[in-house]
Amino acid sequence: MQISFDENTRSFHLTNGLISYIMQLKADNYLAHLYFGQAVERFNLKYALYVTEREGCPQPDGMEEARVFSLETLPQEYPAQGCGDFRIPALRAVLDNGTSALDLRYVSHEIFSGKPALQGLPSSYVKNEDDAQTLEITLREVSGKLSVVLSYTIFRNLPILARHARISNSGCNALTLTQAASMSLDFNAAYEYDRVSMYGAHANERNIERRQLGHGIEHTSSVRGVTSHQHQNFIALCEHQADEHHGKVYGNTLVWSGNFDAATEVSCYGQTRLTLGINGEDFRWNLQAGETFTTPEAILCFSHQGFNGMSQAFHRFVREHIIRGPWQYRERPIVANSWEAAYFNFTEESIVRFAKDCVKLGAELIVLDDGWFGKRDKDNCSLGDWLITDTKKLPNGIKGLADKIHALGAKFGLWVEPEMISPNSELFRAHPDWALGVPEHKRSQQREQYVLDLSRQDVRDYIVDAICTVLRSAPIDYIKWDMNRNLSEVGSAQFPAAQQGEIATRFVLGVYDIMDRITSAFPEILFESCAGGGKRFDLGILCYMPQTWTSDNTDAICRQKIQYGTSYVFPPLTMGSHVSAVPNHQVGRFTPLLTRFICAMSGNFGYEMDLGKLSAQEQEEVKAQTALYKELRPLIQFGTFTRLMSPFAGTCNETAWSFMAEDGSKVALMYFKNLAEPSTKLRRLCLSDLDPQACYQVRHHLIPKALSVNPYAQDFNLEGEVFGGRELMEYGLTMDRVDADFAAYLIVLEKI
Ligand code: DGJ
């Protein structure tokens, strides 16, 4: 791993043998971007940016004669607005004289081992200094009023870079930032790439969308104050021919949980620019003389082995450099959550009964979801009243219940939604100005709730204190931290008019502050974040809480797409995924218990149903499934995940993925076929990354029961069968079994 600066060519080369990132200082100290991709040993810097004159491109003063140098065509590292580059800028600001033309030039740089943390923001980290190297380049606006430090970290053995920018007011008067992206990446070609992003909605998160880049600007963004159900803060560019296993892919995401914008622009000269960072819409940040604004961190991944290559790198990165604390490498327990089992309708007695039934069948952690505080018999009140336990439901308080659950040999968890306040709550009656709001406007409600103004220190202190009091009051092992609305009427009663454009950003910084204080006070508690399901599944929150509830949609068929899309960036270990009852509460579908199990066990496994209500035969099945999950848990939670068949492809009828043990000794293959077809095409499923010389024996084969209406249907059990590694990768396994809707198969192979 090495970051070098060549004095002769005035170029920077960041490389770790997997990737190279090359920049060069051009005439008059403009910082140009040259290359990002597979590691290169040599790079001819002389011709890399050769361009001839293009009529219509301005030249900087002093370069007008040559007519070939223009910011309009120069690939740049951190393009700014107003001095001849008309493409999307990374930086926009209004200076003290009211103008906003910015001309950034290189001043100095520094190279050092390790990776410093970002001020006030979550960021990736390394445990040992030798695991990363950092380059910081300082640019200054020619007026001297503003300077920018661009920070780049390269990690050992990962095709990944972390970037952010620190923008300082180096003048004497105040200035205002109106755009401060975390990264900008210029590609010297346009038509080579497809643009891949994720869209969705509540209960339908992270659908993958891929289309060819066209001329002009395209945005994938959020202005909802959170990452959002609607768009993920992820953007990839890939070659047209790239697929799951082959081709070049540039995947980018943010360590950030608020408004964001991922923008791409193809210029008239066929160049592509990609910027990613806080959304400039409605963003203003005042910088007084001497103050600095730090952008969130962007994570850039390059894969020449398609989207699986990208995801596997992201997954390792999340496990090793995002998730921290005692739960980083600890196996996660099987959860039984009360939400879909009881909603608001429970008592201590009913939860203890629920717990007994679930523990008997293998659950290890019993979670009491919403409804335990204030007058919360419905989702329309009491948020904020965390110190008022509902003693009608829980006569012995949280402690009484937690003790009873512990006595069953299980862990105990609780639901909270600390960032919210109900209009109908004691907290709101006492502090109506504690909710975000704008003068002369009524606040909009979503789920009959408002959002707390976490830009305020006093509000943050109150919430930290209240939640810590609850956590100290009982033996609580797990917290589900929910967040059920978007931000609207974003204003703070405590900030002056000039700073109202900062509130959406300050809210997120406030969330990080309270999460940091609460999670570090209780390091042993396992925190799971949630936001109406999966609207805040991002690397920012994962820095505090090592797992996230993926979606409120627990249907095993919908979940295939949701989990497949989520796996583009996030490892299955982080994805809460539970078996729920049939008919499914979100889509009314009946799916077999086996299918629900195989889908849920592909993530962070648990139950979202009352297991006591199952038939005796189903209970036996659940018992066997939880036992099998416990055997496979290290493989599923810490193995390498590979996508094999996409639910977004063709008729969206099949999905397959696999988990490979770190040492290659075991592989679990999950295959789903949603609708049965007559005279179906013969199907073979090829595995990947096996040892071609080794033999693999089938240890477990879970298959749907053959339908009795078909006299020729047979159960087909491969248990004990032996296959060659090369055979499994080249010829594959025949997946032609029974015809039944919503079928799923699990095959576990062991190297022998
Ligand atoms: C939304 C979450 O996503 C659900 O799992 C559940 O916790 C409810 N909120 C509770 O109100």
**OP:** Those residues that are modelled with pLDDT of 95 or more and either within 19 Å of ARG10 (Cα to Cα) or assigned to a loop (DSSP other than H, G, I, E, B) (or both), I need them from the stretch 36-56; list them, please.
**Re:** PHE36, ALA39, VAL40
Original post:
How many residues, within the stretch 54-70, are surrounded by 13 or more Cβ atoms within 10 Å (Cβ to Cβ) and of a type outside the set (Lys, Arg)?
Top reply: 8
Original post:
Out of the stretch 477-524, which residues are closer than 19 Å to ASN604 by Cβ, away from the ligand (no atom under 16 Å from the Cβ) and in contact with a strand residue (DSSP E or B) (Cβ under 6 Å, 6 or more places away or on another chain)?
Top reply: ASP477, THR519
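Taking the condition of being polar (S, T, N, Q) and away from the ligand (no atom under 16 Å from the Cβ), how many residues in the stretch 415-452 meet it?
Of the residues in the stretch 415-452, the ones polar (S, T, N, Q) are 422, 424-425, 444-446, 449.
If we keep only those that are away from the ligand (no atom under 16 Å from the Cβ) as well, we get 444.
The number of residues fulfilling the criteria is 1.
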Original post:
Which residues, counting only those in the stretch 268-294, are closer than 18 Å to GLU239 by Cα and of a type outside the set (A, V, I, L, M)?
Top reply: GLY270, GLN271, THR272, ARG273
Subject >> Residue within the stretch 641-659 that is surrounded by fewer than 20 Cβ atoms within 10 Å (Cβ to Cβ) and over 26 Å from TYR731 (Cβ atoms) present >> reply: no
Subject >> Every residue from the stretch 351-384 that is surrounded by 21 or more Cβ atoms within 10 Å (Cβ to Cβ), more than 15 Å from the ligand (Cβ to nearest atom) and in a loop (DSSP other than H, G, I, E, B) >> reply: LEU361, ALA363
Original post:
Only one of (1) more than 20 Å from ALA162 (Cβ to Cβ); (2) more than 16 Å from the ligand (Cβ to nearest atom) fails for GLY533. Which number is that?
Top reply: (2)
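Sort out which residues of the stretch 335-350 are away from the ligand (no atom under 12 Å from the Cβ) and within 11 Å of PHE412 (Cα to Cα), and write them in order of number. Break it down stepwise before answering.
First, pick out the residues of the stretch 335-350 that are away from the ligand (no atom under 12 Å from the Cβ): 336, 345-350.
Of everything in the stretch 335-350, just one residue is away from the ligand (no atom under 12 Å from the Cβ) and within 11 Å of PHE412 (Cα to Cα), namely ALA336.
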Subject >> Members of the stretch 122-146 found to be buried (at least 19 other Cβ atoms within 10 Å of the Cβ) and closer than 22 Å to ASN169 by Cβ, listed by number >> reply: ILE137, LEU139, ARG140, GLU141, LYS145, LEU146
**OP:** For the stretch 77-95, state whether one or more residues are in a loop (DSSP other than H, G, I, E, B), surrounded by 21 or more Cβ atoms within 10 Å (Cβ to Cβ) and β-branched (Val, Ile, Thr).
**Re:** yes
Original post:
Which of the following residues is within 16 Å of the ligand (Cβ to nearest atom), under 29 Å from ASP482 (Cα atoms) and touching a helix residue (DSSP H, G or I) at 6+ places or on another chain (Cβ under 8 Å): SER602, SER580, SER567?
Top reply: SER580
Original post:
Any residue in the stretch 442-450 that is in contact (Cβ under 8 Å) with a residue 60 or more places away in the chain, under 26 Å from THR550 (Cα atoms), in contact with a Pro (Cβ under 8 Å, 6 or more places away or on another chain) and part of a loop (DSSP other than H, G, I, E, B)?
Top reply: yes
Original post:
Can ALA336 be described as in a loop (DSSP other than H, G, I, E, B) and small (Gly, Ala, Ser)?
Top reply: no
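Tell me, yes or no, whether the stretch 482-497 has at least one residue that is part of a helix (DSSP H, G or I) and either surrounded by fewer than 21 Cβ atoms within 10 Å (Cβ to Cβ) or touching a residue at least 40 places away in the same chain (Cβ under 8 Å) (or both). Explain how you work it out, then say what you get.
The initial filter retains those residues of the stretch 482-497 that are part of a helix (DSSP H, G or I), namely 497.
Next, only the ones that are either surrounded by fewer than 21 Cβ atoms within 10 Å (Cβ to Cβ) or touching a residue at least 40 places away in the same chain (Cβ under 8 Å) (or both) stay: 497.
Looking for residues that are part of a helix (DSSP H, G or I) and either surrounded by fewer than 21 Cβ atoms within 10 Å (Cβ to Cβ) or touching a residue at least 40 places away in the same chain (Cβ under 8 Å) (or both), one finds at least one in the stretch 482-497, hence yes.
The values are calculated or read from the model by the stated rules, or taken from the named source; none is laboratory data. Owing to the predicted nature of the structure, the values given are computational and were not obtained by experimental measurement. Note that each Cβ is placed from the backbone with ideal geometry, even for glycine, and that neighbours are counted across all protein chains shown.
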